[in-house]
Amino acid sequence: MTALWLDSSFGASGDMLLGALVGLGADPERLRAGLAGLPVDGWSITVDDVVRCGLAATRVTVQLGHEHEHEHGHEHEHEHEHEHEHEHEHEHGRRWSDIDAMLAGAALPQLVRDGSRSTFRLLGEIEAAAHRVTIDDVQFHEVGAVDAIVDIVGTWIALDLLGIDRVVCGPVGLGHGTVRGAHGILPLPAPATASLLAGAPVRSIDVAMETCTPTGAALLATVGSWGPMPSGTLRVTARGAGGRDPDSHPNVVTAHLVDEPAATSTAAGAVTAVVLTTNLDDVTPEVLAHTSQRLFDAGADDVWVTPITMKKSRPAFELSVLTSPDRSGELRALISSETGTLGIRESTVSKHVAERHVDTVDVDGYAVRVKVGPHGAKPEHDDLAGLAARTGTPVRELAGEVLRRWVAGRST
């Protein structure tokens, strides 16, 4: 499987994501040909090699007709802030329903069409909630412009051209300050961006500028799932550039293509494993959740938390970690640094492993892994979550559909 990991630790916008994908190898001519399926006129895209804070990157710029450029001046020189998203789209607002109908009828591959619609639907839902209207009444003052439509659809086309099986997105860098929007001065991150990134991992950048635009946030939230870099063989890395080149940080999105190991079978049998445990009566649930995720990211086989009662009848938690012996030292150090515990118990156990293998089911061009054991099969939740973000279908419904397709595939 080919996985794409998007490092947006310095922010993201539609053109930056598109530039990163072109840098990975999405052919610009095929990209233009795909975009020609849109019933939208008066645009073109240029591709340039640029440098941002000393790093080589690819810059994709959406250029509009002469009249539009004259009206709005040199806004593309500041595109990373997407000032045109916030200042100029009121008079060019498009209804969500019009954009959705346009995309539904466009001559695009199904994956591109459905993905683009999911991105705009998420934007529509955020705008509807912000203005307390129905989604059909939403006017896209800030993302309905031709250049934003091209950014979004172009990103989905580029993903299709690269043959990406799944996308994983890392933490998003957010600056501070204010930006002028269609309704006045707004704080950063912009309200729409903050809503779109609800539940996403973020990091602070000490810079007074908009580092992540609503278009960039919507794409990150719909093209895949949030998580660490996939394990496998790193094939190629590329960067997509924003319009500015500040001294404070590289204004880029970094994209990595990773070849994940092919589906393999695991034979039944007993293997030696280690269980690490510690009792914690002075650690908050937030710290425990963070620690558990870090342990999983570091390679733990399993992590669980059990409520217990300690001395003096103090409510507490027992943190337990199952891992291979070669990782126990690293994970003990991680537990100590994250929780401050003064002691960790370690015991050696025999882990009886059932035979299993991994199959892959294709759902509308998106690969979903299915873990198959001797007594059943279960789709991978991360893959279901990524597909749910693309399609807007609940995870539980997708799980049933994937299993039906898996069963049908076995009978053919």
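The values are calculated or read from the model by the stated rules, or taken from the named source; none is laboratory data. Values in this document were obtained by computation on a predicted structure and should not be read as measured data. Methodologically, a virtual Cβ is constructed for each residue, glycine included, from the backbone with ideal geometry; neighbour enumeration extends over all protein chains shown. Surface areas here come from the heavy atoms of the whole protein model, side chains and all, with no ligands, DNA or RNA. Shrake-Rupley method; radii C 1.70, N 1.55, O 1.52, S 1.80 Å.
Identify the residue in the stretch 102-129 that is small (Gly, Ala, Ser) and either free of Cβ contacts under 8 Å to residues at least 60 places away in the same chain or within 19 Å of THR222 (Cα to Cα) (or both) and, among all such residues, is most open to solvent (accessible area, probe 1.4 Å).
ALA129
Every residue, every condition in (1) outside any loop (DSSP other than H, G, I, E, B); (2) of a type in the set (Ser, Thr, Tyr); (3) over 26 Å from SER204 (Cβ atoms), yes or no:
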residue: MET16; (1), (2), (3): yes, no, no
residue: VAL22; (1), (2), (3): yes, no, yes
residue: LEU38; (1), (2), (3): no, no, yes
residue: ASP41; (1), (2), (3): no, no, yes
residue: SER44; (1), (2), (3): yes, yes, yes
residue: ASP48; (1), (2), (3): yes, no, yes
residue: VAL60; (1), (2), (3): yes, no, yes
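What number of residues within the stretch 287-300 are in contact (Cβ under 8 Å) with a residue 40 or more places away in the chain and within 20 Å of GLY232 (Cβ to Cβ)?
1
Considering only residues of the stretch 41-63 that are open to solvent by 30 Å² or more (accessible area, probe 1.4 Å) and touching a His at 6+ places or on another chain (Cβ under 8 Å), which is modelled with the lowest pLDDT?
Of everything passing the filter in the stretch 41-63, GLY42 is modelled with the lowest pLDDT.
Could you tell me whether any residue of the stretch 361-375 is more than 28 Å from GLU286 (Cβ to Cβ), of a type in the set (Gly, Ala, Ser) and open to solvent by 20 Å² or more (accessible area, probe 1.4 Å)?
Yes: one or more hits.
Rundown of residues vs (1) under 21 Å from the mean Cα position of the chain (by Cα); (2) under 16 Å from LEU334 (Cβ atoms); (3) open to solvent by less than 70 Å² (accessible area, probe 1.4 Å); (4) polar (S, T, N, Q), yes/no style:
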{"residue": "ALA221", "(1), (2), (3), (4)": "yes, no, yes, no"}
{"residue": "LEU234", "(1), (2), (3), (4)": "yes, no, no, no"}
{"residue": "THR237", "(1), (2), (3), (4)": "yes, no, yes, yes"}
{"residue": "SER248", "(1), (2), (3), (4)": "no, no, no, yes"}
{"residue": "THR278", "(1), (2), (3), (4)": "no, yes, yes, yes"}
{"residue": "ASP297", "(1), (2), (3), (4)": "yes, yes, no, no"}
{"residue": "THR306", "(1), (2), (3), (4)": "no, no, yes, yes"}
{"residue": "ALA316", "(1), (2), (3), (4)": "no, no, yes, no"}
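Within the stretch 161-180, can one find any residue that is part of a loop (DSSP other than H, G, I, E, B), open to solvent by less than 20 Å² (accessible area, probe 1.4 Å) and modelled with pLDDT of 90 or more?
Looking for residues that are part of a loop (DSSP other than H, G, I, E, B), open to solvent by less than 20 Å² (accessible area, probe 1.4 Å) and modelled with pLDDT of 90 or more, one finds at least one in the stretch 161-180, hence yes.
Quick one: which of LEU17, LEU38, LEU31 is at pLDDT below 95 and either under 24 Å from ALA145 (Cα atoms) or open to solvent by less than 10 Å² (accessible area, probe 1.4 Å) (or both)?
LEU38
If a residue has to be acidic (Asp, Glu) and either surrounded by 15 or more Cβ atoms within 10 Å (Cβ to Cβ) or out of contact with any strand residue (DSSP E or B) (no Cβ under 9 Å at 6 or more places or on another chain) (or both) to count, how many in the stretch 280-295 make the cut?
Here the count works out to 1.
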